[in-house]
Amino acid sequence: MSNYYPLNSQQAMEYVGKLGIFPDHSSLVCREIGDGNLNLVFHIKEKSAATGVIIKQALPYARVVGESWPLTLDRARIESEALIVHHCMCPGMVPKVYHYDPGLALTVMEDLSTHIILRKGLMARTAYPLFAKQIGSFLARTLLLTSDIVLDPLEKKNRMIQFSNPEMCKITEDLVFTDPYYDAETNRFNPLLDEEVKKIWGNDKLKYQIAKLKEKFLTHSQALIHGDLHTGSIMVTGNDLKVIDPEFAFYGPMGFDVGALFANLLLSYASQVGHSLSVEERKRKDYQNYLLNTIEQVWLAFEQEFRALWKEQAKEPTAAAKGYVDDYIMRILQDASGFAGCKMLRRVIGLAHVEDLESIEDLESRAKGEKLALGIGQQLVIKGDRIQNIKDITSLAKKVSSD
Ligand code: SR1
Ligand code: MG
């Protein structure tokens, strides 16, 4: 884009000033608050106000690596358009988009300062009683309502074109499905895991399953998926939830979003082991149980809403075939297991890690949590095809923990 330039805080304020969002002559303040892997994020508000707006601007490279990793600016379009689709299906569950500028690859959107990143809430061992129902519903609605089961076939194909996102998909193909399973330059891991990681690199059974999961990610254009639904892409209060950051959105397998969420809840579960020196054993176990119960509740809420929507809204003539919806849901669960496993492994071995584990300063304590994550991740991948219900996943996590 010829008129693209990365904003600084002053320019971000001037930009928003011209949009008529704030009254004329407002006294604005701005902070760059981006702490993710990819983008600039500016928080702009009137000096005395509590909230204002967010400008999220894509950089032409991955922020986490630097200019040596060029990255498409089209991800800003994908994100703003996915937010609009998600808003139609789940009003109030994504930030409102106020303005999108293709030239500057930026979106001006609702300020969510009242919310916190779910990952931070989990790290503080907070319980969110409404979370499972809310995210289960978000998943069921955004996935089923963008699929062939509900959409007119031509509209679905047009949406696949609209959300063609090859460069962002390539990041996932490399960082989730390829690099962590051999001695790739992008990998970085705790040196105390050397032995475990080498075993993973030599595990043919695991790599065979991962090859099949990658193939599914590459070829199964089932629904408009968020594409990066980890606990850093969800913001919460005690009673509200917003899903943010769909810049990896594309037409892919439904189980990838469900699996991403399971993986990140399980990474929180595994991290409890590394933090346990500093807290009572009882508190750690209670929170682990809470996390497993949350996974079960998410799935139940997802399945319930998915079945109800299927009944009410399926337009695909074959949707009423006896046993089809049951089989469809079972395949999502099995895919979710496999994808969750890959996503756990990549967060320990690959380029981009998670704060749940990284915040454990002592390398030996961290390695305990990471080993548990590697153990659960491998089992989810290997046993994915044999999972029959959600308790198979939570029992597997418990079993690996007790081994
Ligand atoms: C270079 S981007 C690394 C990771 O950050 C994002 O959140 C995605 O998960 C991606 O794989
Ligand atoms: Mg993100």
Filtered residues of the range 89-107 (kept if of a type outside the set (Phe, Trp, Tyr), in contact (Cβ under 8 Å) with a residue 24 or more places away in the chain, within 22 Å of Ile225 (Cα to Cα) and part of a strand (DSSP E or B)): Leu106, Thr107
Residue that is nearest to the chain's Cα centre (by Cα) [pool: residues in the range 160-169 that are surrounded by fewer than 19 Cβ atoms within 10 Å (Cβ to Cβ) and not in a loop (DSSP other than H, G, I, E, B)]: Cys169
Output for the range 187-222, where each listed residue is crowded, with 16+ Cβ neighbours inside 10 Å, charged (D, E, K, R) and within 16 Å of ligand 1 (Cβ to nearest atom): Lys214
Unique match (being touching a Lys or Arg at 6+ places or on another chain (Cβ under 8 Å), assigned by TED's automatic domain parsing to the domain that holds Met344, within 16 Å of ligand 1 (Cβ to nearest atom) and closer than 22 Å to Thr146 by Cβ) among Ile225, Ile234: Ile234
Total residues in the range 43-88, condition of a type in the set (A, V, I, L, M, F, W, C) and either away from ligand 2 (no atom under 16 Å from the Cβ) or assigned to a helix (DSSP H, G or I) (or both): 11
Residue in the range 275-297 that is out of contact with any helix residue (DSSP H, G or I) (no Cβ under 7 Å at 6 or more places or on another chain) and within 16 Å of ligand 2 (Cβ to nearest atom) present: no
Selection within the range 108-121 - under 15 Å from the mean Cα position of the chain (by Cα) and buried (at least 18 other Cβ atoms within 10 Å of the Cβ): Ile117, Leu118, Arg119
Residue within the range 62-77 that is more than 16 Å from ligand 1 (Cβ to nearest atom) and modelled with pLDDT of 90 or more present: yes
Which listed residue, of Ile295, Ile360, is assigned by TED's automatic domain parsing to the domain that holds Pro153 and closer than 29 Å to Thr146 by Cβ: Ile295
Members of the range 117-140 that are within 28 Å of Ala223 (Cα to Cα), among the hydrophobic types (A, V, I, L, M, F, W, C) and not in a helix (DSSP H, G or I): Ile117, Leu130
Complete set of residues in the range 3-28 that are at pLDDT below 95 and in contact with a helix residue (DSSP H, G or I) (Cβ under 8 Å, 6 or more places away or on another chain): Phe22, Ser26, Leu28
Residue match in the range 138-147 (condition: in contact (Cβ under 8 Å) with a residue 40 or more places away in the chain, surrounded by fewer than 20 Cβ atoms within 10 Å (Cβ to Cβ), farther than 26 Å from Leu333 by Cβ and more than 16 Å from ligand 2 (Cβ to nearest atom)): no
When residues of the range 329-367 are limited to those that are farther than 16 Å from Ile210 by Cα and polar (S, T, N, Q), the one nearest to the chain's Cα centre (by Cα): Ser359
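The values are calculated or read from the model by the stated rules, or taken from the named source; none is laboratory data. Keep in mind that what you see is a predicted model, and the values were worked out from it rather than measured. Cβ coordinates were reconstructed from backbone atoms using ideal geometry, including for glycine residues, and neighbour counts include every protein chain displayed.
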